[in-house]
1. Looking at the structure I just gave you, is Asp579 closer than 18 Å to Trp349 by Cβ, acidic (Asp, Glu) and surrounded by fewer than 24 Cβ atoms within 10 Å (Cβ to Cβ)?
2. Evaluate the following for Ser561: is it on the phi > 0 side of the Ramachandran plot and open to solvent by 20 Å² or more (accessible area, probe 1.4 Å)?
3. Met312 fails exactly one of the following numbered conditions: (1) closer than 17 Å to Asp524 by Cα; (2) in contact with a helix residue (DSSP H, G or I) (Cβ under 7 Å, 6 or more places away or on another chain); (3) of a type in the set (A, V, I, L, M). What is the number of that condition?
4. Filter region 177-226 down to the residues that are in contact with a Lys or Arg (Cβ under 7 Å, 6 or more places away or on another chain) and among the hydrophobic types (A, V, I, L, M, F, W, C), then identify the one that is nearest to Gly247 (Cα to Cα).
5. When you look at Leu376, is it among the hydrophobic types (A, V, I, L, M, F, W, C) and either out of contact with any Gly (no Cβ under 7 Å at 6 or more places or on another chain) or open to solvent by 30 Å² or more (accessible area, probe 1.4 Å) (or both), yes or no?
6. Any idea how many residues of region 388-416 are of a type in the set (Phe, Trp, Tyr) and either at pLDDT 95 or above or open to solvent by less than 10 Å² (accessible area, probe 1.4 Å) (or both)?
7. Could you list, ordered by first residue, the pairs with Cβ atoms under 8 Å in which the first is in region 30-51 and free of Cβ contacts under 8 Å to residues at least 60 places away in the same chain and the second is in a helix (DSSP H, G or I) and among the β-branched types (Val, Ile, Thr), at least 6 apart or interchain?
8. Hey, among the residues in region 60-92 that are small (Gly, Ala, Ser) and closer than 19 Å to Ala166 by Cβ, which one's modelled with the lowest pLDDT?
Amino acid sequence: MPFAWICVAHMLGGAAIGALDCARLHSVGLALAVVPVFAATGLFAAVVLGSFERIARGRPWALAVIVRAAPSLLVSVPVGATLFDGAFAQTLPFAHYAPVLVPLALWFLSAIAILAGRAILEPGDLMVRSIGIVMVGGALGGLVWAERHVLKTGYPTAHMGITIAAIVLAGIAVRISRRAGAPALIAATLAGIVLGTTVAACLYGFRSADDRRLLTEGGDQARDLVKIWRGLADLDRDGSSALLGGGDCDDFDATRHPGAIDVPGDGIDQDCDGHDAVVIAPPAALHETKVGDQREAWRATIAPTLERTQAMNVLLVTVDALRYDMLAEGAANRDDFPNLTSLLADSVWFEHAIAPASGTDVSLSTILTGRFDPFLPVDHTLLEAIRATGRRTYAALPGEVTRYVGETLLVRGVDKFTTVHTDWEKADVGDHVSAPTTTLEGTRALDDAGARPWLIWLHYFDVHEHHQIEVPATWLAAVHPGASPVIHKYRALLRAIDDEIGNVLASLSKRGLTDSTIIVFLSDHGEALGSDPRLMDTHGSVAYHTLVRVPFAIHIPGVPSGVRQDLVSLVDLAPTLLDLLGAPTAMQPLDGTDLVPAIFDAPAALRPTGRAIAINEELQWSIVEWPYQLLVRAADNITELYDIASDPLEHADLSTTQPALVTRLRQRYSEFPVVNVDRTPNGRTFREQQAQPPQHRAPPSGSAAITTP
């Protein structure tokens, strides 16, 4: 086939794919920036395919087919290298060999498809060509279906590979629509137009934040193709590019990009916002404002209670992927969960609790280390410090959690660790409600502890698996449906957990332990539930409010219940529990804030003011300074600011109307260490290495063992 026609066909095919994606979004501005890029990608694909076509000419038929299929390796090699990076994907058969097997398999399939296509299309009549177009269209539709229903919002490299494949297939469909070629002059003219408009799009496209947001939130193939181009142009590999509105102001300096922290007064614009940051006066001090004698006098008033709590047991109940708004005061039909709402009513409930990430790995590691960067080595974990007080420690966690978080950190300090299996029929796929098993392990721990003081950690997982577990109709009938079938299943599974937590609390009462047990209840992160395309399919990757605001409550026998408005984080659990148990210095250093003053409703001068909390995710970082949340998605050059008190679903972006606040919150984020969120196998290996206990360490200080009755 003439080379000129190959180029024309693939430019037209690529432009058609881009135009269809933009038409779906009803955006002319998006089309002006995207369609030329699609056409240029088609042109580059044509050059590669045409070149291999020429190499294959005159070769034996088998070798010719292999050569013609070789360009598939340009896509399949990077896809295969990352396709099985996920913790679950790593458990699948042959996952270790995927970087080799996937490219070879796709190369073979491409060769078979080329061989069959050339044989079918050889006659060249109109009917045969029509059948060929239908077959190519079917393959294209199958790829798009797999992208939306199988890959969903995961596997970004695979999405990019499918986008390139779609452009190639669209070009092939155009190629086989006619046998005649195209004049070289027409091909050259069209190529010139495409390349010229593409250069303009790269330099001037997506200058509007609204266009960038529309592309990121609603784009399909367009979003993936822009990622590819930006990635190729990211010369300093800092995750941002100067092309297509990427916002990088220096692609040769990895310290300067839209997500960087701007150092005030150094004359350098690190965050590429057009000016150097200025020094901003810090907010009121968090801890040492009017303390001294006032603090000591106040603590003397609660000393008798703290003496009691030092001998108490600890029940830590965590529910994976539990949204705050399911249990919030005023939430619709919260009486579907009577045991949880009763526990919250009897506890000190921190309504403004923010998780450090929207993924379990960061959140649970933060709880156990008490550090803003939970992947730093620590001498003692929270459970080790509590065990040093003389308590026997137990934990019952699902295998999925140990797989994602890493086993080393979770088991440190646990006398008896039980893995709860959520998969029966198919390995590593949750297929049944595991809450009863988690509760059973809790009661077994109570029996094993006997009269000894203890800490028991029960991690309930079923709502996390709402997209996998088949929920019986009777369970669905037990709760109000909510706004969608997805939410209905989620609520039904939360009700199952509610029943089991009720059973645990009944076991405490039956054994006479209610008045001697501190109960901590929290979630590690929220959940998407299909309510907003920005939140992805479930959780992780981004840091929007729905995914990071969590329920967090502490019940202490004899301490009045109440609701607190203090801004708190999961990093605060370690210093708080250790203070209650009489071992405040057992873990050093700690980054969290001791919430004992807030629990006992101390005067405002003794509690943190002007506090900010950092959130780190794969695609986004964020800072919360109540009531505002700033979110920065550096790779897409998107900055968002929301008032989460009045706009908890984050629809009204304030970033353009309050630039000074954006600048100040960026500075607040610089107060925290940057957490490397890496969920690839290499990232997990790194976390496991970091979590190893030091070979030589002293016992936790300030952890005098309690006297067992």
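The values are calculated or read from the model by the stated rules, or taken from the named source; none is laboratory data. Because the structure is a prediction, the values reported are computed rather than measured. No Cβ is skipped: glycine too gets one built from the backbone with ideal geometry, and neighbour counts run over all protein chains shown. Remember, those area values only see protein heavy atoms, side chains included, never the ligands or the DNA or RNA. Shrake-Rupley method; radii C 1.70, N 1.55, O 1.52, S 1.80 Å.
1. Numbers: closer than 18 Å to Trp349 by Cβ: no; acidic (Asp, Glu): yes; surrounded by fewer than 24 Cβ atoms within 10 Å (Cβ to Cβ): yes.
Answer is no for this residue.
2. On the way: on the phi > 0 side of the Ramachandran plot: no; open to solvent by 20 Å² or more (accessible area, probe 1.4 Å): yes.
So Ser561 does not fit the description; no.
3. (1)
4. First pass over region 177-226, keeping only residues in contact with a Lys or Arg (Cβ under 7 Å, 6 or more places away or on another chain): 177, 206, 215-217.
From what's left, among the hydrophobic types (A, V, I, L, M, F, W, C): 206, 215.
Values: Phe206: 10, Leu215: 15 Å.
Result: Phe206.
5. Values: among the hydrophobic types (A, V, I, L, M, F, W, C): yes; either out of contact with any Gly (no Cβ under 7 Å at 6 or more places or on another chain) or open to solvent by 30 Å² or more (accessible area, probe 1.4 Å) (or both): yes.
Criteria met by Leu376.
6. Of the residues in region 388-416, 1 are of a type in the set (Phe, Trp, Tyr) and either at pLDDT 95 or above or open to solvent by less than 10 Å² (accessible area, probe 1.4 Å) (or both).
7. Close Cβ pairs satisfying both conditions: Gly50/Ile6.
8. Going residue by residue through region 60-92, those that are small (Gly, Ala, Ser) are 62, 64, 69-70, 72, 76, 80-81, 86-87, 89.
This time we only want the ones that are closer than 19 Å to Ala166 by Cβ, so: 69, 72, 76, 80.
On the way: Ala69: 92, Ser72: 93, Ser76: 91, Gly80: 88.
Applying the filter and picking the extreme gives Gly80.
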